[in-house]
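Readers should treat all values here as calculations from the given coordinates under stated rules, not as data from a laboratory. Just so it is clear, the structure is predicted and the values come from calculations on it, not from any experiment. For neighbour counting, all protein chains shown are included, and Cβ atoms are generated from backbone atoms with ideal geometry for every residue, glycine included.
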Amino acid sequence: MNKKSGMAVKDKNRKGYFGEFGGQFVPETLMTPLHELESSYIKLIKNRRFIAELEEMLGSFAGRPTPLYLAKNLTALCKGAKIYLKREDLTHTGAHKINNAIGQALLAKHMGKTRIIAETGAGQHGVATAAVSAAMGLECTVYMGTVDMERQKPNVQRMQLLGATVTAVNNGSKTLKDAINEAIRDWVTNVKTSHYLIGSVLGPHPYPVMVRNFQRVIGVEARAQVLKKEKRLPDYLVAAIGGGSNSIGLFHEFLNDRKVKMVGVEAGGLGTKTGKHAARFAGGSPGILHGTLSYVLQDRSGQITETYSMAAGLDYPSIGPEHAWLHQTGRVEYTSVTDKEALHAFKLLSAKEGIIPAFESAHALAYGMKLASRQPKGRIVIINLSGRGDKDLLTNIDK
Ligand SMILES: *Cc1c(COP(=O)(O)O)cnc(C)c1O
């Protein structure tokens, strides 16, 4: 719980900051497009026609609202708190990414842009963006590291089928961070026609606020659903954190409910002591990456260090600036789970509940089950099932 104010408020005096985190650390050429984006967003989000179109797409195209599912078998197995799953895995294209892709693509269209640029790690954001672009008649280019292309082959094929150009990025660690660098380069060159559709609560202002607001629907629905089913608020919310969008999407609506505790689960990889992980709060320190000030995995001279996780969607060296703030204030607790623990949860949910989760979501599950088993019966834990696991089936899971 936050000792200072009990809630996460944006620093009202400094636009685009969450406490000391966030901001716009970008080259001068990007300041005008960022201002244009911000003012269009502020205008459109109040526009009735825009809101109606957004709701129509979230409903009829993405399949919202997603259910809040009582996982009876997991609950029985853990012998503690009731475990509910927020089923983002049931959305069109199979992960929460579609919520934000719809919001931003609609925004781009209203701004008169004809082309969408995106980056992708796990491929889920790329697939969501490609699908939404196809539906809205927008051209789409997706940047993806070659390491990620290899481990998420089915998603590459999906994006191509959906009409997107997938551009391989062979620099650096050949993962998400490098794909973002290339996407930014493209945006700088083609800013007149193109919108850069960032896939998480990352990047310079207004992206972290905008993406969070497009993902807030998860928590808004979950809050109403749990109140209807249980007549009370949950005790815990648990979500996996890559950039931090599915987690903040679930958490945000509950931030003022002081009794609701929240846990963000980062990728512990082979263990936080091995150096092979993506646990930014355990191993990182404040720094700037991709236009925002947040926690970053870096060496003493500020060089970004390489991350590791079996979950491509969690394998990023920084974290959304709002999370850095929520970490600092203590409102949200952050922890990590290793590959091994996540893989165990992945298999368990599949076998016991008939739901194959994404590797990313399996991190939240692993921690959520540990937590539930330590809680007395009658308590309620909501775990965000951010995506489905079909994309992960090419990975060798018999380790
Ligand atoms: C991308 C992804 C994540 C991590 O990204 P966040 O922005 O932290 O939500 C988690 N789960 C799934 C299924 C994803 O595709």
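Which is farthest toward the positive dipole end of the chain among 105, 42, 190, measuring Cα position about the Cα centre, with Cβ charges +1 (Lys, Arg) and -1 (Asp, Glu)? My answer, from the dipole projection, is 42. In percent, rounded to a whole number, the relative contact order of the chain is 22, using alpha-carbon pairs under 8 Å and six or more apart. Farthest toward the positive end of the dipole of the chain, out of 297, 334, 32, is the Cα of 334, where the dipole comes from beta carbon charges about the Cα centre. Counting every alpha-carbon pair across the stretch 301-399, the share separated by more than 18 Å comes to 55%. Normalised size of the chain, defined as Cα radius of gyration per 2.2 N^0.38 Å with N residues, equals 0.90. By DSSP, what percent of the beta bridges with both residues in the stretch 180-332 are antiparallel, rounded to the nearest 5? Antiparallel: roughly 60 percent of the beta bridges in the stretch 180-332. Considering only beta bridges that DSSP places wholly inside the stretch 243-399, some 60 percent are antiparallel.
Taking the DSSP beta bridges with both ends in the chain, the antiparallel portion is around 30 percent. For the peptides 293-306, 23-36, 270-283, the ranking by mean Cβ contacts within 10 Å, running from highest to lowest, is 270-283, 293-306, 23-36. Each peptide in 55-67, 164-176 was scored by the mean count of other Cβ atoms within 10 Å over its residues; highest first, the order is 164-176, 55-67. Among the trypsin sites (Lys or Arg not before Pro) within the stretch 39-125, those in coil by DSSP and having at most 16 neighbouring Cβ atoms inside 10 Å are 46, 79. The charge dipole of the chain, taken about its Cα centre with unit charges on the Cβ of Lys, Arg, Asp and Glu (plus for the first two, minus for the last two), comes to roughly 1560 debye. Taking a straight line from the alpha carbon of residue 259, these lysines sit under 22 Å away, with near neighbours fewer than eight places off in the same chain left out: 3, 4, 10, 82, 86, 228, 229, 231, 370, 377. A simple spin-label model places pseudo-atoms 7 Å from Cα toward Cβ; at residue 31 and residue 188 they are separated by 1.5 nm.
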